[in-house]
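The values are calculated or read from the model by the stated rules, or taken from the named source; none is laboratory data. Just so it is clear, the model here is predicted, and its values are computed rather than measured. Every residue, glycine among them, receives a Cβ derived from its backbone with ideal geometry; neighbour counts consider all protein chains shown. Accessible surface is based on the protein model in full, side chains and every heavy atom, while ligands, DNA and RNA are left aside. Shrake-Rupley method; radii C 1.70, N 1.55, O 1.52, S 1.80 Å.
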Amino acid sequence: MNGLAEAVSSFALTRWVSRKSRAEFEHWQAAALRRFLDRDLPRAPFYGKAPARLADLPVTDKALLMRRFEDFNIHRLTAAEAWAALARDGRAGSLTVGASTGTSGNRGLFVISEAEKYRWLGAILAKAAPDLLWRGMRVAVILPQSTGLYDSARKSRLIKLAFFDLTLGPEHWREALEAFDPTVIIAPPKMLRYFATDGFRLTPKRIFSAAETLDPVDRPVIEGFFRLPLDQIYMATEGLFAVTCRQGGLHLAEDSVFFEFEPAGEGLVTPLVTAFRRQTQIMARYRMNDLLRLSDQPCRCGSPLRCVD
Ligand SMILES: [Zn+2]
């Protein structure tokens, strides 16, 4: 499948899953997780074989994943090769390498295939803006990745995608962005704020902050300028973990990630995540640094995916 077809198929799957009951959803998820454990996970040298149960696998974390980087991806790409690729154009053969933002000693590396890259974008669009699809959607993605991560604009009848390289600076693509006239913008909050304070001629229907933590002082500036509520995409090094829905609920991405929760006191939990739709860099029972508070109310949007407060 080409990238856009992958995005569209991911979009369709994500929408299909979102209409299930919780019981139906858990049934589907258990089968998908089992397939991942049997078929994908053993391909990473760290694992080598399928476990009887997920709980039989060791808990992993960022330090372990970085220390033994080559054992967690199926191509045995080493961390040194990945950093070198990142310094060049972000490409290692057919793979794309990226790194999380953060202090230098603490950046996390990730490696994904072309298919996976578009899969998450399709999933984001399906969760975030399903209502826009049928009217035609122009999506501008502005992310802090090296130039190799996304290439030129892609389009189909319903979705046009354009990628703008944050590392080049907005002066390099402001005109192109305004001419593209996106209906959906996905960008780090500081960039959205820059669009607002610099008066970019943009009239999106939905805006998403991604890739960085939203500073509360930026929210009113961004929302005031675009006259829209700002939605959030919660991504970590390893992928997409939660997206806000039309009703403002922040839903866990349980349709691609299986969550286990360790109690952390005061009603908070630390998630262990297993990304069961990823096939290049395997992540299983990965302990995140974040603390979450699970919502006990189902969301008004009717999605079976759990919400966090
Ligand atoms: Zn919802």
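Things to note:
- Of the numbered criteria (1) in contact with a Leu (Cβ under 9 Å, 6 or more places away or on another chain); (2) farther than 30 Å from Tyr194 by Cβ; (3) within 16 Å of the ligand (Cβ to nearest atom); (4) in contact (Cβ under 8 Å) with a residue 60 or more places away in the chain, the one Thr244 fails is (2).
- Of the residues in the range 212-230, none is modelled with pLDDT under 90, within 16 Å of the ligand (Cβ to nearest atom) and within 16 Å of the chain's Cα centre (by Cα).
- Condition broken by Thr244, with the remaining ones in (1) open to solvent by 20 Å² or more (accessible area, probe 1.4 Å); (2) among the hydroxyl-bearing types (Ser, Thr, Tyr); (3) farther than 24 Å from Leu64 by Cβ satisfied: (1)
- Across the range 285-309, the number of residues qualifying as of a type outside the set (Lys, Arg) and away from the ligand (no atom under 13 Å from the Cβ) comes to 8.
- Selection over the range 11-27 of residues that are touching a Lys or Arg at 6+ places or on another chain (Cβ under 8 Å) and either loosely packed, with under 13 Cβ neighbours inside 10 Å or closer than 8 Å to Ala126 by Cα (or both) gives a count of 1.
One line per residue, one yes/no per condition, for (1) in contact with a strand residue (DSSP E or B) (Cβ under 7 Å, 6 or more places away or on another chain); (2) buried (at least 19 other Cβ atoms within 10 Å of the Cβ); (3) within 21 Å of Glu260 (Cβ to Cβ):
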| site | (1), (2), (3) |
| --- | --- |
| Pro58 | no, no, yes |
| Met66 | yes, no, no |
| Phe72 | yes, yes, yes |
| Gly90 | yes, yes, no |
| Val97 | yes, yes, no |
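- Pairs where the first residue, in the range 175-200, is open to solvent by less than 10 Å² (accessible area, probe 1.4 Å) and the second is in a strand (DSSP E or B) and of a type outside the set (A, V, I, L, M, F, W, C), C-beta under 8 Å, 6+ apart: Pro182/Arg138; Val184/Arg138; Val184/Arg206; Ile185/Arg206; Ala187/Ser209; Pro188/Ser209; Pro189/Ser209; Leu192/Ser209
- Condition check for Arg43: within 28 Å of Phe163 (Cβ to Cβ), open to solvent by 50 Å² or more (accessible area, probe 1.4 Å) and in contact (Cβ under 8 Å) with a residue 12 or more places away in the chain: no
- Members of the range 278-305 found to be closer than 21 Å to Thr213 by Cα and either in contact with an Asp or Glu (Cβ under 8 Å, 6 or more places away or on another chain) or crowded, with 20+ Cβ neighbours inside 10 Å (or both), listed by number: Tyr286, Arg287, Leu292, Arg293, Leu294, Ser295
- A residue that is closer than 21 Å to Ala50 by Cβ and at pLDDT 95 or above cannot be found anywhere in the range 245-257.
- Filter pass, Arg206 being within 16 Å of the ligand (Cβ to nearest atom) and surrounded by 14 or more Cβ atoms within 10 Å (Cβ to Cβ): yes
For (1) farther than 25 Å from Ala23 by Cβ; (2) among the hydrophobic types (A, V, I, L, M, F, W, C); (3) in a strand (DSSP E or B), each residue gets a yes or a no:
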site	(1), (2), (3)
His251	no, no, yes
Glu266	yes, no, no
Pro271	no, no, yes
Arg278	yes, no, no
Asn289	yes, no, no
Cys301	no, yes, no
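- Test: residue in the range 265-277 that is touching an Asp or Glu at 6+ places or on another chain (Cβ under 7 Å), more than 16 Å from the ligand (Cβ to nearest atom) and β-branched (Val, Ile, Thr): yes
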